[in-house]
1. Please tell me the relative contact order of the range A:158-281 in percent, rounded to the nearest whole number, where contacts are Cα pairs under 8 Å and at least six residues apart.
2. Most fluctuating residue of B:Arg337, B:Arg428, B:Arg238 in a GNM of chain B with Cα springs under 10 Å: which is it?
3. Counting other beta carbons within 10 Å of each Cβ, put B:Leu189, A:Leu95, B:Leu95 in order, fewest first.
4. For chain A, modelled as a GNM with alpha-carbon contacts under 10 angstrom, which of A:Asp123, A:Asp196, A:Asp286 fluctuates the most?
5. Report the per residue volume, in Å³, of the convex hull enclosing the C-alpha atoms of the range A:3-241.
6. How large is the charge dipole for chain A, taken about the Cα centre, if only the Cβ atoms of Lys, Arg (+1) and Asp, Glu (-1) carry charge, to the nearest 20 debye?
7. If you rank A:Trp270, B:Trp225 by fewest surrounding Cβ atoms within 10 Å, what's the result?
8. Once amide H atoms are placed 1.01 Å from N in the peptide plane, what residues at a sequence separation of 5 or more from B:Gly200, or on another chain, have their amide H within under 5 Å of its amide H?
Amino acid sequence: MDWTLIIENSLKGMVGVNAVYFAVAAIGMNVQYGYTGLLNFGQAGFMACGAYGLGMTAHYFDIPMWWGIPLGVLFSVLLGLLMGIPTLRLRADYLAIVTIAAAEIIRLIVRSVKFKTYFGGSDGINNFSEPFREIGTDIGIQQSAEYGFWPFTFTGRELWTLVIGWLVVALFGFLVYQLMKSPWGRVLKAIREDEDAVRSLGKNVYSYKMQSLILGGVIGTFSGMIFALDRGSVQPDNYSRDVTFYILTALVLGGVAKVTGSIIGPMLFWGLFTFIDNFMRQIAEDPIKVGNFTILQSTQVGQLNYMLIGLALILLMVFRPQGLVGNRKEMAFDGR
Amino acid sequence: MFLSVLGSFFASMTNTAHAADYALRIQVKEQSRDASGKTDNQPVAGVSISVTDANGVEVGAGETDESGVVVIPVPDKADYTITLDESTLPDGQSLDAKSSPVQTVSKDSFVTTTKIINFFTGESQSESQTFVERLSQRILDGIRLGLVLAMCAVGLSLIFGTTGLTNFAHGEIVTFGGLATFVFNITGLSFLGFLAFLPGVSEQGTFHILWAAPIGVAFGGFFGWALNAGIFSKLRRRGIGLVTQMVLTVGLSILLRNFFLSRFGGRTRPYREFTLQRAWDIGPVSITPRDTVVSILSLLILVTVALALRYTRLGKATRAVSDNPDLASATGIDSERVIRLVWILGGALAAIGGVFRGLDEQASFDMGSRLLFLMFAGITLGGLGSAFGALVGGFVVGIMVEVASLVVPTELKATPALVVLILVLLFRPQGILGKAQRVG
C-alpha cells in the first residue's frame with residue numbers, strides 16, 4: 001500500500017478544480033438551503049446554464065467567448081424565474097420537485113439531437129476556452145510547466161484555473177457573508193425560521209425567496225463556467241441530478257448557513273473522496289471474496305464510493321444536519 | 001454495350017490497383033418488425049445491382065449474397081449512380097413505395113472509404129401508419145405506462161399524505177421490486193434448490209416468473225416496512241424536521257441506486273419467461289399477450305386498492321390520517337399503525353410497478369429512478385397526498401407522455417410532464433382531486 005501517494009492525492013484533491021467548482025456551487029446552494037430554507041435540487045441545471053452560455057458563444061452565436069458570462073447569467077435568471085414563479089408561494093417540497101424536474105429536462109434538451117445546432121447534442125461543445133488560457137499565458141504562466149511544492153504541484157494549465165477559481169470562491173464567499181449580515185440577509189433567515197411571522201411584518205416573502213433562489217442559482221452558474229473553462233468543453237452528462245446531490249452532501253458536510261462551511265465542505269468532500277477512492281482501489285486490486293461471493297472488485301470501487309456519499313448524507317442528516325461548523329438551531333426548520 | 005464492357009474492364013483494372021481503397025456497400029433488406037415493435041429487417045439475396053459513374057459508364061456490378069449485401073469497389077470518391085434490377089427481386093417482393101430503384105451518391109457523402117447504400121423492400125413499417133393508427137398505438141402504450149405510474153405513485157402519495165414526507169427514494173423501491181424479482185427469476189439462490197420439487201423451480205434455485213414476481217412484490221412490501229421501522233419512524237419520534245428527512249431520502253436514493261449498479265451492472269436485462277411474444281393486431285393497434293395480461297392485472301390491482309381505501313376500515317383510517325393526522329389521532333386512530341401499513345402497501349405497489357415495468361422494458365438499476373419525475377408530475381396533477389389523485393394523475397401523465405412523442409422527439413417525451421407540473425402548480429396547486437388549502 002502506497003500511503004504517500006494516497007495522502008498526496010488526497011491533499012491535492014482538497015484544493016483541486018473539483019473542490020473549486022463544488023465550493024462555488026455550494027456557496028450558491030447555501031444561500032438557498034442554508035439561509036432561506038429553500039430546497040433547490042436543480043443546481044446542476046444552473047451550472048449547465050453557465051457552461052452552455054460559454055459554449056454557445058463559439059458554437060452557435062459565433063461571438064467572443066466572454067459574452068458567455070452575461071449570457072449564462074441571463075439563462076440562469078430565466079431558469080430561476082421558471083422554477084420559482086410556480087412554486088415559491090407553495091410548500092417547500094414543490095420547489096424541490098420542480099427544480100429536480102427542470103434540471104433533468106434541461107439535460108435532456110441540451111443532449112437531444114433535435115437541438116444539436118444550439119447545444120452540440122450528446123458530444124457537447126469543445127475547444128472554446130482558448131481566450132481564457134491566453135490570459136494565463138499572457139501573465140506569464142507556462143501552460144505545461146510545473147508549479148508549486150509537495151504535494152501541491154500543478155501544471156500551469158491547472159494552476160491558472162485554480163487561481164481564478166479560488167478568487168471566484170473568495171469573491172462570492174465575501175459577497176454572501178456581507179449580504180447575510182445585512183438587513184436583507186436577516187429577512188432571508190427570518191423566512192427560514194417562520195415565514196408567516198415575516199409576512200405579518202409586511203415583507204413580501206415571495207419576492208425575497210425569489211431573490212434568494214436566483215442569487216444562489218447565479219452563483220451556481222459561475223461554478224458551471226469554471227468547470228467548463230477548465231475542461232475546455234461542456235458535456236450534458238456532467239450536469240445530471242447526482243451532481244446536485246453530491247454538492248448538497250459536500251455543503252452539509254461542511255456546515256449549512258455558514259460561509260466557511262460551504263467552502264471547507266467541498267474541500268473535505270473531495271479530500272475524503274480522493275482518499276477513499278485511492279485506498280479502495282489499492283485494496284481491491286485483487287477481488288475480495290468470502291467463499292464464492294465477491295464482496296468487492298476493482299470495477300465496483302466507483303459505485304462503492306458513491307454509495308458511501310449516500311450513506312454519509314444519511315448519517316449527516318440523522319446526527320448532524322447542521323454539518324461540521326453549522327449551528328444546530330439554524331437547521332431546525334420544518335418546511336410545512 | 002461495347003463501351004460498358006470496356007468500362008467495367010477498366011473498372012476492374014482500377015479495382016485491383018486500389019483493391020481496398022473505396023467501395024460501395026449495398027444492402028437490400030425486407031422491412032419488418034418483431035413483436036415488441038423493434039425494427040427487425042430481413043436480408044434479401046440474389047438481387048442484381050449495377051453502379052455507373054457520372055458519365056454513365058458502368059464501374060461495377062454484383063448480386064447480393066445471403067446476408068443481402070454486395071460490396072462493389074469503386075475507383076475513387078466520386079458521384080455514382082446505383083441501379084437495382086427490380087426483375088431480380090424474389091417473387092412477391094417489390095421495392096418500398098418510397099424507395100427508388102435508382103439511387104445516387106455524391107463525392108462528399110463518402111465519410112469513410114466505404115459508403116453504405118440501403119434498398120428497402122416491403123412496406124415501410126414506420127411511414128405507412130396513418131395518424132389515427134399511430135395515435136391509437138401511442139394511447140395504448142400510454143395506458144400501459146400510466147397504469148405502472150399510477151401503481152408506483154399511490155405509495156408515494158399516501159406516504160406524503162400520512163407523514164408529510166416527499167420520498168425521493170421512492171424510485172429505488174420500484175427498482176428494488178424489479179431487481180428482487182430478477183434475482184429469483186434469473187440469478188437464482190442456490191440454497192433454495194431444495195424447493196425444486198415445486199413446479200417452476202429449478203435445482204439452481206431459479207423461479208418461474210409467476211413465482212418470482214409475487215416474491216419480489218413481497219420483498220418490496222418488506223422493504224417499505226423496513227425503511228419505516230429502521231429509519232423514518234425513529235426520525236419522527238425524534239422530531240426531526242421534514243426538510244431534513246427529505247434530504248435524507250436523497251442520500252438514501254444515491255446509496256441504493258449505486259448499490260444496484262454495483263450488483264446488477266449498467267445493462268438492462270430481461271426476465272426469463274414471456275420475453276419474446278408475437279403481438280396481436282387488434283384493429284389499428286398491436287399488443288402482446290403479455291402486455292395485455294399485465295395491463296388487466298394492473299387495472300384489477302388499482303381498482304382493488306381504490307375500493308379498499310374507500311370502504312375498508314383501514315382504508316378509511318388511512319384517508320383520515322392523510323386528511324388531518326392530529327384529528328385522526330384524537331378520534332382514536334393509531335396513526336403509527338396506519339403509517340406502517342401505508343409504507344408496506346406503498347412498497348408492495350411500487351414493487352409491482354417495478355416488476356411490470358421490468359416485463360415491459362426489461363430490468364435495470366435505474367428503472368425506478370427514471371420514473372420518479374413522472375410519478376411526481378402524476379401526484380401533483382392528481383393532488384399531493386390524495387391516493388385517488390395519484391391514480392388518476394399517474395394514469396393521465398403516462399398517456400400524455402406517450403402521446404406527446406407523436407409531436408416531440410422521443411428523447412424529449414418527458415418534457416410535457418414538466419410543463420404540466422408547472423401549469424398545475426400555477427393554476428391549481430391542489431391538483432385535480434386535492435382539496436384547496438391556503439398555501440403561502
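1. On the way: 58 pairs, mean separation 24.8, N = 124.
Computed value for the range A:158-281: 20 percent relative contact order.
2. Taking springs between Cα atoms under 10 Å, the residue moving most is B:Arg238.
3. Working: B:Leu189 13, A:Leu95 25, B:Leu95 16.
Ordered from fewest to most neighbouring Cβ atoms within 10 Å, B:Leu189, A:Leu95, B:Leu95 come out as B:Leu189, B:Leu95, A:Leu95.
4. Ranking A:Asp123, A:Asp196, A:Asp286 by mean-square fluctuation puts A:Asp286 first.
5. In the range A:3-241, the Cα convex hull volume per residue is 139 Å³.
6. So the magnitude is around 1140 debye.
7. Fewest to most other Cβ atoms nearby, the residues stand as B:Trp225, A:Trp270.
8. Excluding prolines and chain starts, which carry no amide H, there are no hits.
We did not get these values from a lab; they are worked out from the coordinates using the rules stated. It should be emphasised that the depicted structure is a prediction, and the values quoted were computed from it without experimental measurement. Because the Cβ atoms are built from the backbone with ideal geometry, glycine has one as well, and the counts that use them run over all protein chains shown.
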